[in-house]
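Data first, discussion second: the structure below is written as structure tokens.
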Amino acid sequence: MKFTEEHKQLRKTVRDFIDKEINPYVDEWEAHPPFPAHELFPKLGKLGLLGVTKPEEYGGLGLDYSYGLVVSEELGRIRCGGVPMGIGVQTDMCTPALARWGSDELRKEFLVPAITGEYVGAIAVSEVGGGSDVAALKTTATKDGDDYIINGSKMWITNATQADFLCLLANTSDGKVHQNKSLIIVPMTAKGITVSEPLKKLGMLSSDTGQIFFENVRVPQRNRIGAEGMGFMMQMMQFQEERMFAAANSLRGMEHVIEATIEYCKERHTFGQPLLANQVIHFRLAELSTEVEALRSLVYRACEEYIGGANVTLLASMAKLKAGRLVREVSDACLQYWGGMGFMWDNPASRSYRDSRLLSIGGGADEIMMGIICKLMGILPGKKK
Ligand SMILES: Cc1cc2nc3c(=O)[nH]c(=O)nc-3n(C[C@H](O)[C@H](O)[C@H](O)COP(=O)(O)OP(=O)(O)OC[C@H]3O[C@@H](n4cnc5c(N)ncnc54)[C@H](O)[C@@H]3O)c2cc1C
């Protein structure tokens, strides 16, 4: 991966923005969630950061995914997981399919304001009955004249309480489970939608997560993204960007926790010497840094191949799997070296410990990543009839 002057400039833009407009407020947003997406997103939009890879004709910067990767990676500077997750939902989870396959009219109506930050978006796939088994979802969108009538519910939806629109995956026919789904853009102003109170979570506190109910919600069929029945395939494609975002976004956060731990271990003395002088500690921190660099190489390679037009399901799944496991390892190991301080709520290692736990669950759990990897390696046994 060769980064140009433009990449460096973009990195600096994101860094400066985070240092000025996000990090000073993170503690406040964590204590009093959610972070104010409707204030923050227009500022990000003004700098072009919500549409880096989106087409210029809809207000995006029209750059390739290496620039999106730079933004995802730098968003990892944010001193919590919830805010970058909310931004990532907007840039890499609820808009890639709309940008690629949405009609011109639909893109003007929803993609343009998602890129300026006027609209906050959410991706609505998971349901109470199951998130891993996407094909088994139960929400329906039934045709009625020129409209769809939507019934069902979605669970654990990020940005739910602040969203202006959803990119919803629903069953639009009774056919085979991989061919009966469509992605539909649903404005949150549509009659018949209710959103739960924000759900109480272990971590990612500044992000709002909610359950959404649909009771005879009417949306025009023209809000469907692409052809009917292609939703499952589109969502699987959309997952590639989600998984690369998640893996790239984890890198700087891990580095920050390791750096903060090194500083602490230099200052903290036990038995007459700094904690860092213990070989078991400095070796472990060196090993974890090596793992982070190895993950970075994998993410960069996935990104490079993606830009080249390859299907990177295998590499993106490997990167997501490795990231989910490594963030847990790094935050757990570092928390240990802070001792009692690591167990305190506002400690950087303890926040990372809470926030990072999600990465092995959301957007496809570790086991789902392993299933995909096994399938692509040709070693996944077929289901017994
Ligand atoms: C904070 C948060 C934010 C989220 N944001 C969104 C969002 O914006 N949009 C959205 O659509 N969803 C969102 N989700 C949902 C998330 O994607 C799902 O929780 C995830 O896909 C797992 O689905 P599940 O919880 O139903 O677990 P289940 O599918 O019930 O699986 C439970 C566990 O079983 C294991 N497992 C599952 N299948 C297998 C298998 N085949 N083999 C072996 N083990 C298996 C895994 O360890 C898994 O964690 C969010 C979740 C959280 C907690």
Could you give the size of the charge dipole of the chain about its Cα centre, using +1 on the Cβ of each K and R and -1 on the Cβ of each D and E, expressed in debye and rounded to the nearest 20?
920 debye
List the residues of segment 319-349 whose backbone N lies under 17 Å from a point placed 7 Å from the Cα of I379 along the Cα-to-Cβ direction.
319, 321-322
Where a Cα-Cα gap under 17 Å defines reach, which lysines qualify for K191, not counting those fewer than 8 residues away within the same chain?
K143, K154
Filtered pair list for segment 269-385 (Lys only, Cα < 21 Å, 8 or more apart or interchain) has a length of 5
To the nearest Å, what is the center-to-center distance of segment 322-385 and segment 143-189, using C-alpha atoms only?
29 Å
Taking K2, K43 and ranking on accessible area (1.4 Å, protein atoms only), highest first, one gets K2, K43
With a Förster radius of 22 Å, plug the Cβ-Cβ distance of K138 and Q179 into 1/(1 + (r/R0)^6) and report the FRET value to the nearest 0.05.
0.85
If each of R15 and A286 carries a label point 7 Å out from its Cα toward its Cβ, how far apart are those two points in nm?
2.6 nm
Computed on Cα atoms, Rg of the chain relative to 2.2 N^0.38 Å comes out at 1.00
For R218, list long-range residues whose amide hydrogen, built 1.01 Å from N in the peptide plane, is under 5 Å from its own amide hydrogen.
I150, K191
Sequence order, segment 228-235: Karplus ³J(HN,Hα) from phi using 6.51 cos²θ - 1.76 cosθ + 1.60, θ = phi - 60°, Hz rounded, Gly and Pro as x, gives 5, x, 9, x, 5, 4, 5, 5
Determine ³J(HN,Hα), in whole Hz, for all residues of segment 125-130 in sequence, where each value follows from phi through the Karplus function 6.51 cos²θ - 1.76 cosθ + 1.60 and θ = phi - 60°; x replaces Gly and Pro.
10, 5, 9, 3, x, x
State the cysteines of the chain left without a partner when partners are defined as other cysteines whose beta carbon lies under 4.7 Å away.
C80, C265, C303, C334, C374
Please list, ordered by chain and number, the residues whose modelled amide H lies under 5 Å from the amide H of A160; skip anything fewer than 5 residues away on the same chain.
G210
Could you compute how much accessible surface M236 exposes when probed at 1.4 Å, giving the result in Å² to the nearest 10?
70 Å²
Phi to ³J(HN,Hα) by Karplus 6.51 cos²θ - 1.76 cosθ + 1.60 over segment 69-82, Hz, x for Gly, Pro:
4, 4, 5, 4, 5, 5, 4, x, 5, 5, 7, 6, x, x
Going by accessible area, probe 1.4 Å, with all protein chains left in place, what is the ranking of T142, T158, largest first?
T142, T158
For segment 326-385, what Kirkwood radius comes out of the mean inverse Cα-Cα distance, in Å?
13.5 Å
Would you please give the residues with an amide H less than 5 Å from that of D147, counting only those at least 5 places away or on a separate chain, with H modeled from the backbone geometry?
Q221
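The values are calculated or read from the model by the stated rules, or taken from the named source; none is laboratory data. The structure presented is a predicted model; accordingly, all values stated were derived computationally and were not measured. Backbone-built Cβ (ideal geometry, glycine too); neighbour counts: all protein chains shown. Surface areas here come from the heavy atoms of the whole protein model, side chains and all, with no ligands, DNA or RNA. Shrake-Rupley method; radii C 1.70, N 1.55, O 1.52, S 1.80 Å.
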